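Participant: Please see the structure below; I have some questions.
The values are calculated or read from the model by the stated rules, or taken from the named source; none is laboratory data. Keep in mind the model is a prediction, meaning the values are calculated, not measured. Every residue, glycine as well, gets a Cβ built from its backbone with ideal geometry; the counts of neighbours run over all protein chains shown.
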Amino acid sequence: MKNKLLFFIMLTLISLCGCKSTYNLEPESASDLAAEGSVVVVRPDRYVLFGTRSAADYLRITYCNMTQNAGGLPEIKLGIKNVSGNHWWDMGSEDFTIYVQAVFYKEPLKGQSTRSAPIFKTNKQAVFIKRGKTQDLSFISPVKGAGGYQIIISED
């Protein structure tokens, strides 16, 4: 009897909290989509007193271009440099691992208000970057006809 009463009280409390199983998402605005770049960092989740300790604060893109390889397949070449320890408040060096994924689209992304579905997505690649070093990455799509791309960098 005591367990049933406890279960009923817990169920009542949960229902009173307003828990929902579905939420409506607002569509992304056309201006926000148009302003999104071809190389983006997601989840800058580690904030400190001065700035962040996220990958966006410590990475620089040295080059990024999409060409066709010898087989006629779209290939993205990307250089990422770790510039941690460059701020006066950040005296320590930091070597860290990031995860990089390439998404290929049929049309270029710049200036578009809507996006078509990607024609190919690579798996996330774990990339370890030592402070001051540049990592050269390459992504190849097995699907021909890509005209645009987006590189997604995350910390996990």
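Participant: Starting from residues that are surrounded by 16 or more Cβ atoms within 10 Å (Cβ to Cβ) and of a type in the set (A, V, I, L, M, F, W, C), keep the ones in region 107-126 and report whichever is farthest from Gly79 (Cα to Cα).
Facilitator: Ile119
Participant: Which members of region 99-128 meet the condition of being in contact (Cβ under 8 Å) with a residue 60 or more places away in the chain and aliphatic (A, V, I, L, M)? Please lay out each step first, then the result.
Facilitator: If we filter region 99-128 for residues that are in contact (Cβ under 8 Å) with a residue 60 or more places away in the chain, which is where we start, we get 109-115.
Within region 99-128, Leu109 is the sole residue that qualifies.
Participant: Okay, next question. Among the numbered criteria (1) under 25 Å from Ala30 (Cβ atoms); (2) crowded, with 18+ Cβ neighbours inside 10 Å; (3) modelled with pLDDT under 90, which one does Ala102 miss?
Facilitator: (3)
Participant: Now for a separate question. I'd like the full set of residues that are of a type in the set (D, E, K, R), under 20 Å from the mean Cα position of the chain (by Cα) and under 17 Å from Ser116 (Cα atoms), limited to region 140-156. Quick ask: steps written out before the conclusion?
Facilitator: Applying the first criterion (of a type in the set (D, E, K, R)) to region 140-156 yields 144, 155-156.
Next, from what is left, pick out any that are under 20 Å from the mean Cα position of the chain (by Cα): 155-156.
The answer is none; no residue qualifies.
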